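This is the structure I want to talk about, given as structure tokens.
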Amino acid sequence: MRVKIALAEKGVAYESHEEDLFGGKSDLLLKSNPIYEKVPVLLDNGKPIVESNNIVYYIDDKYSPNPLLPSCAYARSRARFWADFIDKKVFEAGMGIWRSKGDELEVAKNDFIGILKKLEGAMGDKDYFGGDNFGYVDVIATAMTSWFHAYEVFGGFKVEQLCPKFGCWMKRCLKRESVLVSFQILKRSISVLSCLERCMALNRTGSVDSIALYTF
Amino acid sequence: MAEVKLLGVWYSPANHRVEWALKIKGVEYEFIEQDLQNKSPLLLESNPVHRKIPVLIHNGKPICESLIIVEYIDETFEGPSILPKDPYDRALARFWSKYLDDKVPAVVNTFFLKEEQEKAKEEVCEMLKVLDNELKDKKFLVGDNFGLADITANFVGHWLGVFQEATGVELVTSEKFPNFCAWRDEYINCSQVKEYPLPRRDELLAFVQARARAAASASASTQK
């Protein structure tokens with residue numbers, strides 16, 4: 001989803017190929033990403049670029065309208081830092097909620113909310129992580145929020161109540177056409193909650209990581 | 001007061017990557033060795049999120065995470081380029097750097113941690129197969145010039161060999177990974193390493209052996 005949002009923000013036309021990660025990965029995917037065998041993969045004139053953060057970065061590097069990263073080197077380093085933080089922490093903390101029960105669930109929920117609070121601090125009093133404009137970190141972060149409803153259901157909480165600033169930012173991002181269209185496509189094709197329920201039926205195997213990358 | 005400061009530890013590959021980048025660009029800096037068992041207020045204030053080294057402080061502003069710091073150095077200071085100019089090659093450089101950086105915990109666990117050691121070993125062997133395949137007849141990871149990915153490869157090019165010697169755990173042989181070994185032998189003798197040396201092997205070996213002994217005796221005393 002991050003990649004689709006970035007392409008939409010840049011006005012880049014593309015062809016989308018949906019992979020069935022439960023049914024069997026295509027030869028094209030396995031050839032394009034032989035090391036990780038995961039989506040997303042961007043093929044630009046036949047050349048593969050893999051890993052969603054890396055692809056978004058590439059799109060911003062290559063297509064100049066509407067820069068997603070700031071022009072100042074220090075601000076760019078801060079954007080990269082927070083994108084890296086989001087990648088390392090948010091998904092794992094969310095999965096911690098899904099995997100936990102009882103007292104562990106409370107700990108997992110607090111960890112997750114603690115991470116969102118740190119992200120609220122990173123945003124400061126601005127509308128977006130990119131400041132006044134929707135930027136690279138917003139692209140990276142907003143895609144992950146497609147999973148939040150599932151965490152809320154499993155954890156019995158609401159993000160907008162515990163992290164109101166983050167909740168406002170989520171709603172603001174959903175008003176952007178690039179984000180709205182991507183979320184709508186996701187909703188039509190697959191429900192994250194039903195994915196997790198399907199994974200529970202598969203005894204919560206590594207398939208969860210595949211879905212995460214599918215949706216991100 | 002130095003305009004550029006680096007908070008780090010001499011024995012860390014992540015630290016070395018940053019020093020390498022600074023030296024390539026000819027940037028003068030003050031290196032402030034940290035005690036990771038007793039973290040300084042400056043480190044905790046400069047990296048409150050992760051509380052880790054390395055941290056570059058440029059004109060009072062901190063930059064954290066070694067690969068992010070190297071890109072910042074490349075963008076900020078004049079001198080030879082560390083990242084390629086072409087967007088696709090830059091994407092490849094970032095891919096390989098992240099791939100290598102992500103393997104650091106597995107490499108450490110393979111040699112020094114008892115729990116999950118077998119799983120870590122499998123991951124490292126898989127990484128070595130990938131690198132052996134990628135590095136066939138290649139001097140540099142991306143394109144024809146030394147860059148970000150090669151800097152990040154300091155860990156597999158130098159530290160991994162030291163860990164093998166320190167622990168006697170042998171994963172890398174020229175029979176199993178001939179291309180990787182050929183690349184590694186050239187890497188530690190290449191002009192970029194001669195000009196900006198890696199930490200001395202004998203010093204690093206002594207340090208790692210001492211740490212391994214300390215960890216073993218701490219583990220033995222907690223089991224009594």
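Suppose the filter is modelled with pLDDT of 95 or more, more than 13 Å from chain A (Cβ to nearest Cβ), farther than 17 Å from A:ARG76 by Cα and part of a loop (DSSP other than H, G, I, E, B); does B:TRP10 pass it?
So B:TRP10 passes the test.
In region A:165-184, which residue that is surrounded by fewer than 19 Cβ atoms within 10 Å (Cβ to Cβ) and aliphatic (A, V, I, L, M) is modelled with the lowest pLDDT?
This residue is A:VAL181.
Residue under question is B:LYS39, and the condition is that it be among the basic types (Lys, Arg) and either closer than 25 Å to B:PHE207 by Cβ or touching a helix residue (DSSP H, G or I) at 6+ places or on another chain (Cβ under 6 Å) (or both); does it hold?
Against the criterion (among the basic types (Lys, Arg) and either closer than 25 Å to B:PHE207 by Cβ or touching a helix residue (DSSP H, G or I) at 6+ places or on another chain (Cβ under 6 Å) (or both)), B:LYS39 qualifies.
Looking at (1) over 20 Å from B:PHE155 (Cα atoms); (2) within 11 Å of chain A (Cβ to nearest Cβ); (3) within 20 Å of the chain's Cα centre (by Cα), can you tell me which one B:LEU83 breaks?
(1)
If you take just the strands (runs of 3 or more DSSP E) that sit entirely in region B:21-79, which of them hold at least 2 residues that are within 13 Å of another protein chain (Cβ to nearest Cβ) and touching a residue at least 60 places away in the same chain (Cβ under 8 Å)?
It comes to none.
Mind listing whichever residues of region A:68-78 are more than 21 Å from B:VAL4 (Cβ to Cβ) and either free of Cβ contacts under 8 Å to residues at least 60 places away in the same chain or within 9 Å of chain B (Cβ to nearest Cβ) (or both)?
The answer is A:SER71, and nothing else.
Identify all residues within region A:3-50 that are touching a Pro at 6+ places or on another chain (Cβ under 9 Å) and farther than 24 Å from B:LYS98 by Cβ; write none if there are none.
A:GLY11
Let me ask something else. Spot the failing condition for B:LYS119; the list is (1) at pLDDT 95 or above; (2) assigned to a helix (DSSP H, G or I); (3) among the charged types (D, E, K, R), and only one is missed.
(1)
Let me ask another. Scan region B:166-204 for residues that are among the polar types (S, T, N, Q) and within 25 Å of B:PHE112 (Cβ to Cβ) and report the count.
Result for region B:166-204: 3.
Now a separate question. Residues of region B:43-95 being surrounded by fewer than 21 Cβ atoms within 10 Å (Cβ to Cβ), among the β-branched types (Val, Ile, Thr) and under 17 Å from B:THR152 (Cα atoms), which ones?
B:ILE68
Considering only residues that are among the basic types (Lys, Arg) and out of contact with any Gly (no Cβ under 9 Å at 6 or more places or on another chain), look in region B:150-205 and name the one that is modelled with the lowest pLDDT.
B:LYS194
For the list (1) within 14 Å of chain B (Cβ to nearest Cβ); (2) not in a helix (DSSP H, G or I), I need the number of the one condition that A:GLU18 fails.
Among (1) within 14 Å of chain B (Cβ to nearest Cβ); (2) not in a helix (DSSP H, G or I), the lone unmet condition for A:GLU18 is (1).
Given the residues A:ILE97, A:ILE113, which is the only one that is crowded, with 20+ Cβ neighbours inside 10 Å, aliphatic (A, V, I, L, M) and under 18 Å from the mean Cα position of the chain (by Cα)?
A:ILE97
Out of the residues in region A:39-49 meeting the condition of being part of a loop (DSSP other than H, G, I, E, B) and buried (at least 20 other Cβ atoms within 10 Å of the Cβ), tell me which one is nearest to the other protein chains (Cβ to nearest Cβ).
A:PRO40
The values are calculated or read from the model by the stated rules, or taken from the named source; none is laboratory data. It should be emphasised that the depicted structure is a prediction, and the values quoted were computed from it without experimental measurement. Cβ coordinates were reconstructed from backbone atoms using ideal geometry, including for glycine residues, and neighbour counts include every protein chain displayed.
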